[in-house]
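Heads up, the thing below is written out as C-alpha cells.
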Amino acid sequence: MDAPEAEPSEDTAEVPTLPPRRKRWWIAGGLLGATALGLGIVWVERETIADKVIAGQLEQLNLPATYKIESVGAMRQVLTNVVVGDPARPDLTIERAEIEIAPTFGIPAITKVTLVRPRLYGSFRQGKFSLGALDPLLEGGAGGRPAGLPDMDLILQDGRARLDSDFGPVGIKAEGQGNLKSGFAGTLAATAPTLTAGECRAGEGSLYGVLDSKDGALGFKGPLRLATLDCPKQSMAVRDVAVQLDVAATAAFDGLGGRAILAAGRTRLDGQGAARLSGDSRFTLKGGDLTANYTLAAQGVTGAVTATRLAADGIVRSHDRLTAFDSEGALTGSDLRPGAGLDGQLAGLARSLDGTLGGPLLAGVRAGLAREGRGSRLSAGYTFRQTGELSSVVVPRAVLRGGSGADVLALSRFQLAAGGKIGLRLSGNVVTGGAGLPRLDGRVERQASGMMLGRFRMPEYRAADSKLALPELVLVMRPNGTLGFSGRAIASGKLPGGFAQGLTVPLDGNWSARGGLAAGRRCLPLTFDSLTLANLTIDSRKLTLCPAAGGAILRSDARGVRFAAGAPSLNVTGRLGGTPIRIASGPVGFAMPGALSASRVQVALGPADTASRFSIAALSGRVGRGFTGTFTGADVALNAVPLDLLGAAGTWRYAAGRLAI
C-alpha cells in the first residue's frame with residue numbers, strides 16, 4: 001500500500017523556478033545592460049561631467065574663470081581660451097590648457113596642468129604683491145588650505161607676464177615644469193625700461209635666471225642688470241650695474257629675501273668717483289621696506305679724496321617704502337690722500353699766497369698729505385639716517401693713520417647733518433697730525449642760532465722759512481656758508497714786500513667761496529721781534545695797522561693777494577737798508593702791490609749826530625723793487641751837503657741803499 005502523500009502546510013508558497021543556466025544569463029544580462037546604459041549616459045554627458053569637475057575645482061580654489069572645452073577624456077581634458085578674472089581686464093589668459101585629473105573621494109583633483117602661452121597680469125603696490133583673482137592661490141583658501149603655490153605639476157610653455165608696480169612696469173617671460181609646490185624648475189627673463197624709487201631712477205633693467213619652488217614659494221637665481229642708476233638728490237650716478245641674485249619669495253608672495261652680490265662700473269657720489277664697485281648683501285624685503293646686512297667696496301676712488309680702496313660693512317634698514325633709511329657700520333680704506341681737485345685747490349692757494357708766509361706753509365701741508373697718504377689706513381664707525389630732505393651722520397670715532405704710522409686725522413663724537421631749512425650742522429672733536437703736517441686740536445659745536453662754532457689750538461708749524469702757531473682760533477660757520485674767524489697767530493716769514501719775525505697778529509676776518517679771504521677789517525695792534533717792509537726794517541716792537549674804510553688789510557681771491565694798511569701815526573726806529581732811520585708822522589698808508597702815502601713826516605736818516613733830516617708835508621710813492629715817488633712842502637737838511645732846502649717839492653727814489661731826490 002502506498003504511503004499517503006503529505007499535504008502542504010499553510011506557510012509554504014509556491015515559487016516557480018528556472019533552470020540554473022537560464023537564471024545566470026538573466027543576471028549577467030541585467031548587469032551588462034545597466035553598465036552599458038551607464039557608460040552611454042557618461043559618454044553622452046562627458047563634457048557636462050568634466051565641466052562640473054573643473055568648475056568644482058575652480059570653485060574650490062575660488063577662481064572666477066571662463067573657458068572652452070576642446071576635448072574630454074577619462075583622465076584628461078583640454079581647455080582653450082581660458083580667462084580668469086574680469087573678462088574686460090583679465091588677470092590671466094591661457095591659449096590652451098591641458099588638465100589631468102586623478103579620481104579621489106568626492107570631486108576629482110587636478111594633478112597636472114600644461115599651459116600654452118599663458119598671459120599673467122599682476123601688481124606690486126605699497127609693498128603688496130597681487131595677482132587679482134589669483135590671490136586666493138597665494139593667500140590660502142577656505143578649509144585651512146595653506147598659503148603658497150598649489151600642490152600640482154605644471155608644464156609652462158611661453159609664459160608671459162606684466163607687473164605694474166610703484167617703481168614702474170616690468171615685462172616677464174617664463175618657461176619650466178615640475179611640481180609647483182616643491183620641485184618646479186624653469187627659466188625667467190624680465191625687462192624694465194625704467195624703474196624709479198623716490199628720487200632715484202634706473203634705466204634698461206633686465207633679469208635672467210632659473211626658477212625653482214620649495215614649500216609653496218618660488219626661488220630665483222640669476223643676474224639683475226641695470227645700464228644706469230641715477231639719484232640726483234644724492235648726487236649719485238652708477239653705470240653697468242650687475243647684481244647676482246639668489247632669492248626666494250615668501251609663500252604668500254608678500255616678501256622677498258636672499259643674497260645679492262654686486263659688481264658695478266663707473267660710479268659718482270657727491271663729487272667722488274670710483275672705477276668699480278663690489279658688494280655682498282643678505283637681505284629681506286617685506287611690506288615695501290628693506291633690511292640688509294652688507295659689505296660694499298669701491299676701488300680706484302677719485303675726487304676731492306683719492307684712495308686705492310674704500311669699504312663699508314654694516315646693516316641698513318628702510319622705512320615708509322624706501323623713503324627713509326638708517327644704517328650703522330664700519331668704514332675702512334687704504335692709501336687715502338688729496339685727489340686732483342683738492343690737491344689742485346691747495347696748489348692754487350699756495351700760488352696765490354706766493355711771497356707771503358702762507359705759501360710755504362700750504363706747500364708743506366700739500367707735500368705732507370701726499371707723503372702720509374701713501375700706505376695710509378682709515379678706520380671708522382658710523383651711523384647714518386636719512387628722512388625726507390634731512391640726512392645725518394654720526395661717527396663715534398674715526399682715525400686716518402698715515403704711512404709714517406702717525407695719526408693724520410682723528411675724529412670723535414663727530415656729527416654731521418644737512419638738508420631742509422636747517423642747513424649744515426657740524427659738531428665733534430678733531431685732531432690732526434703726521435710727519436710734516438700741522439697738529440691742530442679742537443672742537444666744533446652747533447649754536448642755538450644755527451651757527452657752528454669751532455675752537456682750535458695749533459703749536460708752531462714750520463715749513464721752509466715760515467712758521468705759524470695758533471694759541472687760539474675761533475671759527476664760526478654761518479648758515480649761508482660764510483666762515484668767520486678770530487683769535488691770535490704768531491708767525492714768522494715773508495710778508496707782501498717784507499719779512500716778519502715773531503709777528504703776533506690778532507685774527508679777524510672771514511672767507512667765502514664767492515668772496516675769498518678778507519682779514520683785518522678793524523685796526524690790529526701788532527707786536528713783533530722784527531719787521532721788514534721792502535728795505536725798511538723796523539726795530540720798534542709795536543705797531544697798530546688799520547684797514548681802509550670798508551676794506552680789509554689782507555685779501556686773497558681770484559685777483560690774487562693784496563695787502564693794504566694804514567696807521568693813524570708813526571713813531572718808529574729802524575734801518576733803511578743799512579742806515580739808521582727814525583720816523584714820526586701823521587697818517588700813513590701802505591699797499592702791496594700799490595703805493596704808500598704819508599703826511600707830516602719827520603725823518604732822521606743816519607746816525608743821530610750826522611743825520612740828514614726831512615720834514616715833508618705830503619709824501620707819496622710806489623712800491624716795487626725799491627721806492628719811488630713825489631713829495632711836497634719839504635724842508636731838507638742834508639748832512640753831506642752844506643745846503644738846506646726849504647718848501648721843496650719834487651721826486652724821490654730809494655734803491656740799492658741810496659736815496660736820490
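Label separation (Arg439 vs Arg488): 2.1 nm, computed from points 7 Å beyond Cα along the C-beta direction. In region 169-319, taking the dipole from charged Cβ atoms about the Cα centre, the farthest positive-side position among Val241, Thr194, Gly287 is held by Val241.
Remark: the chain carries a charge dipole of roughly 5080 debye about the Cα centre, counting +1 on each Lys and Arg Cβ and -1 on each Asp and Glu Cβ. The gain in end-to-end length when the Ala197 to Gln157 segment is fully stretched comes to 11.1 nm, 0.36 nm per residue minus the alpha carbon separation.
If I take all pairs of Cα atoms in region 503-644, what percentage of them are more than 20 Å from each other?
52
A straight chain from His319 to Leu416 at 0.36 nm per residue would run longer than the Cα-Cα distance by 32.8 nm. Dividing the radius of gyration of the alpha carbons in region 209-304 by their Kirkwood radius gives 1.05 for Rg/Rh.
In this view, the solvent-accessible surface of Lys173, computed with a 1.4 Å probe and all protein chains in place, comes to about 90 Å².
Projecting the Cα atoms of Gly216, Thr323, Gly344 onto the dipole axis of region 197-347, where Lys and Arg carry +1 and Asp and Glu carry -1 at the beta carbon, places Gly344 farthest toward the positive end. With Cβ to Cβ distances under 10 Å as the rule, what net charge do the other residues near Asp644 carry (K, R +1; D, E -1)? Local net charge: 0.
If R0 is 35 Å, what FRET efficiency do you get for Asn639 and Gln501 from their C-beta distance, rounded to 0.05?
0.70
Counting only residues at least eight positions apart within a chain, or on another chain, the lysines with an alpha carbon under 24 Å from that of Lys542 are Lys467, Lys494. Each label point was placed 7 Å from the Cα along the Cα-to-Cβ direction; for Ala242 and Arg225 their separation is 0.8 nm. Counting Lys and Arg as +1 and Asp and Glu as -1 over every other residue whose Cβ lies under 9 Å from the Cβ of Val116, the net charge comes to -1. Label separation (Arg259 vs Arg541): 7.5 nm, computed from points 7 Å beyond Cα along the C-beta direction. Rounded to the nearest 20, the Cβ-based charge dipole of region 182-334 about its Cα centre (Lys and Arg +1, Asp and Glu -1) stands at 340 debye. Count Lys and Arg as plus one, Asp and Glu as minus one, and take only other residues whose Cβ is under 12 Å from that of Arg443; the net charge is then +2.
A quarter of the convex hull surface defined by the alpha-carbon atoms of region 320-440 gives 9.1 nm² as the mean projection. Label reach from Arg125 (point 7 Å along Cα→C-beta): in region 234-266, amide nitrogens under 17 Å belong to 254.
The values are calculated or read from the model by the stated rules, or taken from the named source; none is laboratory data. As the structure is a computational prediction, the values presented were derived from the model and not from experiment. Cβ coordinates were reconstructed from backbone atoms using ideal geometry, including for glycine residues, and neighbour counts include every protein chain displayed. Just the protein is used for accessible areas: all its heavy atoms, side chains included, with ligands, DNA and RNA removed. Shrake-Rupley method; radii C 1.70, N 1.55, O 1.52, S 1.80 Å.
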